[in-house]
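S.K.: Before we start, here is the structure in question, set down as structure tokens.
No value in this document is a laboratory result; all are computed from the given coordinates. Quantities reported herein were computed from a predicted structural model and do not represent experimental measurements. Here the Cβ is made from the backbone with ideal geometry for all residues, glycine too, and neighbour counts use every protein chain on show.
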2 protein chains.
Amino acid sequence: MKRVITLIAAMTLTVSAFAQQSLMGGQTAKSPEINPDGTVTFRIIAPKARQVQVTGDFIPPIQANTNGMRMDTPATIDMVEKNGVWEYTTPVLEPEFYSYVFKVDGVATLDPSNIYQYRDVATWTNFFIISREKGDKGDLYSVNKVAHGDMAKVWYDSPTLELSRRMTVYTPAGYYDKGNKTKYPVLYVLHGAGGDEDAWQNYGRAAMILDNLIAAGKVKPCIVVMPNGNPNTSAAPGEWSAGLYATSMSGGAGFPPAKAGIPESFGDIMGYVESHYRVLTGPANTAICGLSMGGGHSFNTSLLNPGKFGYIGLFSAAASVPSDVAQKAQFETRMKALFAAKPKLYYIAIGKTDFLYQSSAGLRQFLDDNGYPYEYRETDGGHIWRNWRIYLTEFAQKAFK
Amino acid sequence: MKRVITLIAAMTLTVSAFAQQSLMGGQTAKSPEINPDGTVTFRIIAPKARQVQVTGDFIPPIQANTNGMRMDTPATIDMVEKNGVWEYTTPVLEPEFYSYVFKVDGVATLDPSNIYQYRDVATWTNFFIISREKGDKGDLYSVNKVAHGDMAKVWYDSPTLELSRRMTVYTPAGYYDKGNKTKYPVLYVLHGAGGDEDAWQNYGRAAMILDNLIAAGKVKPCIVVMPNGNPNTSAAPGEWSAGLYATSMSGGAGFPPAKAGIPESFGDIMGYVESHYRVLTGPANTAICGLSMGGGHSFNTSLLNPGKFGYIGLFSAAASVPSDVAQKAQFETRMKALFAAKPKLYYIAIGKTDFLYQSSAGLRQFLDDNGYPYEYRETDGGHIWRNWRIYLTEFAQKAFK
């Protein structure tokens with residue numbers, strides 16, 4: 001045993017020699033450093049660089065209008081070099097889950113000192129969390145000392161799409177406890193264009209939000225189902241038989257067209273969930289929400305299934321009143337059926353500078369004109385994860401009550 | 001509906017404006033490009049850089065001896081610039097799962113054109129796969145058109161370690177099929193120093209290897225359990241309440257010492273698995289293997305539990321004969337008990353240039369001296385994932401038979 005321990009000690013000391021086939025990239029700069037005064041310092045060792053910048057969602061974006069749609073573009077801040085180390089310290093940041101990336105002489109560079117990074121669509125960024133006190137947003141998006149639900153990548157058959165497909169399923173803490181026969185309500189949470197079944201797990205912080213809110217007694221323990229919203233693909237890039245392709249905002253671009261849409265095939269997802277988990281069914285126990293394209297999917301799935309979902313959440317949703325006369329008539333009929341079934345909650349949320357703001361306002365006008373009840377939440381900012389985490393947090397607390 | 005489609009189309013066209021809070025980093029260089037002749041071309045757009053290099057596990061490492069131990073260090077290759085695009089084309093590469101990273105003016109830079117990347121210990125690298133025909137290593141490590149098992153991140157209680165802990169569990173395709181009451185054998189697969197419960201899922205390609213071998217009828221459908229091997233932590237960095245700390249080869253460095261070791265607490269893992277899954281028990285249905293430190297854990301766990309594991313696999317294992325006299329006597333007694341229980345397979349595998357080669361040879365000498373049967377597999381190369389994937393592939397095919 002002693003020799004084993006010695007060997008492991010030797011391994012620890014000589015890290016760089018053999019960790020992962022001798023491929024090393026990490027740096028020892030302290031970055032990001034969250035300072036006691038609430039500012040954050042980024043550092044990167046790059047003595048040969050001529051310009052190093054940082055861009056992140058803590059920097060107000062540059063605002064612009066394109067064809068009448070609000071389109072924000074990223075802002076960058078120059079870092080300052082001293083002895084080969086480039087540095088930038090932010091103003092005091094509010095509690096939040098933040099992401100950023102460096103640009104070294106124009107090349108996007110993930111922080112070599114920060115192992116925490118996620119992919120969203122085709123972009124990787126580092127992240128960090130600012131939390132000052134229990135219950136603030138940073139705390140809510142962190143893994144805390146509470147009971148944790150399990151997260152599974154599950155394969156289900158979609159006869160409608162003629163594909164075996166992957167989805168992410170959160171089961172609340174205790175679900176698999178021996179002898180537990182409790183049935184749980186189900187919350188379907190859908191991602192946006194270009195995303196996949198990993199999106200809500202990563203930048204959405206869904207497991208952390210649910211763990212923390214359930215532990216605090218603010219959300220009823222529930223199963224959270226995060227399917228893949230690109231109906232001509234099986235799974236996230238790299239996780240299905242299409243190989244290691246380049247992805248984009250259009251998700252399944254380059255693959256044969258889908259056999260049907262997500263709303264039309266949603267029964268396959270629900271069928272799998274209801275036959276493989278201990279679920280409470282009926283509108284009082286079934287909620288659906290999504291962001292952007294996934295908001296559109298939630299909108300259309302609820303329209304196709306009046307009375308099925310008691311709680312419907314449209315987050316920065318691609319959901320609007322059709323302008324085509326025939327389509328509008330069908331839409332009106334479906335909306336009438338949907339609201340005749342009296343959903344307990346029709347929740348619309350959007351940021352003030354979201355490029356879909358006007359489209360969302362048109363939908364609200366339609367609801368007002370028809371006397372269909374809904375809850376509306378407007379936040380600062382645009383079409384961003386910061387808002388979608390807020391909306392999930394709020395919607396989950398309103399569901400199943 | 002038409003307007004929704006128009007909006008989604010607009011979203012697709014204006015990708016860069018709002019994907020993930022306008023943080024963009026991706027490039028459009030084709031990289032890596034797998035050429036028809038079997039070579040691979042890497043590209044990165046970096047017009048301001050003075051030197052760009054690539055390092056990867058397709059490049060033979062620089063070999064060195066440190067204190068009598070073989071310690072390979074990464075080799076780098078200079079890329080060549082033309083019109084601001086740096087490029088390097090490899091020789092013809094054999095089918096394999098490869099990883100690499102760029103160095104731009106000395107700064108480790110993940111390929112901005114390749115979204116496929118994993119973390120191992122504290123290092124992120126990009127990866128790509130070369131496959132020429134069905135059944136080669138590249139194919140075996142790919143997601144193919146076969147039935148897929150589920151992968152779950154599961155939380156279990158370890159009373160011995162006084163922690164709630166996370167592990168990865170693979171259940172074979174069909175496990176959750178309605179009405180399936182089949183019980184399955186269990187393969188425990190342990191990671192190395194600095195790794196965590198994600199390691200075998202990522203660079204280990206465990207799900208792909210198992211999916212493909214089970215589909216080919218070469219491995220008996222089984223449950224694969226990949227626990228976390230750092231006994232003073234709960235989970236991979238960022239996945240438990242310790243926050244977003246800097247990790248290292250010593251895994252849980254900086255946290256209070258563990259209440260016990262992994263071998264001493266292994267019963268908690270097995271107890272959870274046996275009470276939460278449909279498992280076949282007994283040595284004919286129970287296998288354990290691991291790499292490096294996890295090989296040491298497999299070695300010691302089997303010594304503490306003679307007769308429990310019918311299949312024991314030591315991959316580049318930190319497993320050796322103690323030099324201390326009293327410890328050696330205890331070790332001999334335990335080995336005697338272990339082999340008296342006649343394990344069906346005691347498998348030792350190591351690379352010719354592994355820094356643990358001599359230690360492993362000492363263990364083999366001990367087995368030979370005592371007439372304890374084992375299978376031995378020696379491969380080229382050192383303490384690397386390429387070897388561990390080979391060993392898992394072989395060991396899994398020998399288990400439960």
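S.K.: Rounded to the nearest Å, what's the spacing between the alpha carbon centres of the stretch A:171-219 and the stretch B:238-264? Just the number, please.
M.R.: When both Cα centres are located, 25 Å separates them.
S.K.: So for the pair residue A:81, residue B:323, with labels modelled 7 Å out along Cα→Cβ, what separation do we get in nm?
M.R.: 4.8
S.K.: Which distances, in nm and shortest first, link the residue B:330 label point to the same label point in every other copy, taking 7 Å along Cα→Cβ?
M.R.: 7.5
S.K.: Moving to a separate point now. How large is the direction-averaged shadow of the alpha-carbon convex hull of the stretch B:27-139, in nm²?
M.R.: Mean projected area for the stretch B:27-139: 8.5 nm², to one decimal.
S.K.: For the stretch B:70-142 and the stretch B:336-401, compute the distance between their C-alpha centroids and round to whole Å.
M.R.: 29
S.K.: Here's another thing I want to ask about it. How big is D, in µm² s⁻¹, for the stretch A:203-277 by Stokes-Einstein at 10 °C and 1.306 mPa s if Rh is the Kirkwood radius over C-alpha pairs?
M.R.: 107
S.K.: With the cut-off at 22 Å, tell me which of the pairs A:134/A:220; A:183/A:401; B:178/B:398; A:344/B:178; B:220/B:352 have Cα atoms farther apart than that.
M.R.: Violating the 22 Å Cα-Cα cut-off are B:178/B:398; A:344/B:178; B:220/B:352.
S.K.: Distances over 29 Å make up what percent of all Cα-Cα pairs in chain B?
M.R.: Cα-Cα pairs in chain B separated by more than 29 Å: 50 percent.
S.K.: How much net charge surrounds residue A:42 when only the other residues with a Cβ under 15 Å from the Cβ of residue A:42 are counted, with Lys and Arg +1 and Asp and Glu -1?
M.R.: Residues near residue A:42 contribute -2 overall.
S.K.: Taking Cα atoms, how many degrees apart are the long axis of helix A:2-13 and the longest axis of chain A, rounded to 10 and kept between 0 and 90?
M.R.: Compared with the principal axis, the helix lies near 90 degrees.
S.K.: In what sequence do A:348, B:115 fall when counting other Cβ within 10 Å, fewest first?
M.R.: Taking fewest neighbouring Cβ atoms as first place, the list is B:115, A:348.
S.K.: If you wrap a convex hull around the C-alpha atoms of the protein assembly as shown and split its volume per residue, what is the figure in Å³?
M.R.: 158
S.K.: Which of the pairs A:153/A:259; A:30/B:153; A:82/A:137 have their Cα atoms more than 26 Å apart in this structure?
M.R.: With Cα atoms farther than 26 Å apart: A:30/B:153; A:82/A:137.
S.K.: Now, a different point. How much net charge surrounds residue B:366 when only other residues with a Cβ under 11 Å from its Cβ are counted (Lys, Arg +1; Asp, Glu -1)?
M.R.: Residues close to residue B:366 contribute a combined charge of -1.
S.K.: Kindly give the distances from residue B:145 to its copy-mates, label point to label point, with each label point 7 Å from Cα along Cα→Cβ, as nm values to one decimal ordered shortest first.
M.R.: 5.3
S.K.: Related question: How far, in nm to one decimal, is residue B:78 from itself in the other copies if the label point is set 7 angstrom along Cα toward Cβ? Shortest first, please.
M.R.: From this label point to the equivalent ones elsewhere in the assembly: 3.1 nm.
S.K.: Another question about this same structure. Using a 10 Å cut-off on Cβ to Cβ distances, tally the other chain neighbours for every residue of A:109-116 and report the average as a whole number.
M.R.: Across the residues of A:109-116, the mean count of other-chain Cβ atoms within 10 Å is 6.
S.K.: For peptide B:99-106, compute the average count of partner chain beta-carbon atoms within 10 Å of each residue's beta-carbon.
M.R.: The mean count of partner-chain Cβ atoms within 10 Å per residue comes to 5.
S.K.: Counting partner chain Cβ atoms within 10 Å of every residue's Cβ in B:248-254, what's the average?
M.R.: That works out to 3 on average.
S.K.: Over the alpha carbons of the stretch B:264-387, what is the largest minus smallest coordinate on each principal axis, giving the biggest first in Å?
M.R.: Largest first, the stretch B:264-387 extends 41, 36, 23 Å along its Cα principal axes.
S.K.: Moving to a separate point now. Bin width 5 Å, alpha-carbon pairs only: give the P(r) of the stretch B:350-401 as whole percents, running from 0 to the bin holding the largest distance.
M.R.: P(r) over the stretch B:350-401, rounded to whole percents: 4, 19, 24, 21, 21, 10, 1.
S.K.: Next up: I need B:184, A:357, A:376 ordered by Cβ neighbour count within 10 Å, fewest first.
M.R.: With the fewest neighbours first, B:184, A:357, A:376 line up as A:376, A:357, B:184.
S.K.: Separate question: May I have the convex hull volume per residue, in Å³, for the Cα set of the stretch B:109-186?
M.R.: Once divided by residue count, the hull of the stretch B:109-186 is 193 Å³.
S.K.: Right, something else. Just to check I understand the Karplus step: with θ = phi - 60° and J = 6.51 cos²θ - 1.76 cosθ + 1.60, what whole-Hz values come out for the stretch B:169-180, glycine and proline as x?
M.R.: Couplings: 10, 9, 10, x, 3, x, 3, 8, 4, 4, x, 5 Hz.
S.K.: Which Cβ of chain A lies nearest the axis of the rotation superposing A onto B, and at what whole-Å distance?
M.R.: Whole-Å result, nearest residue of chain A to the axis: A:152, 2.
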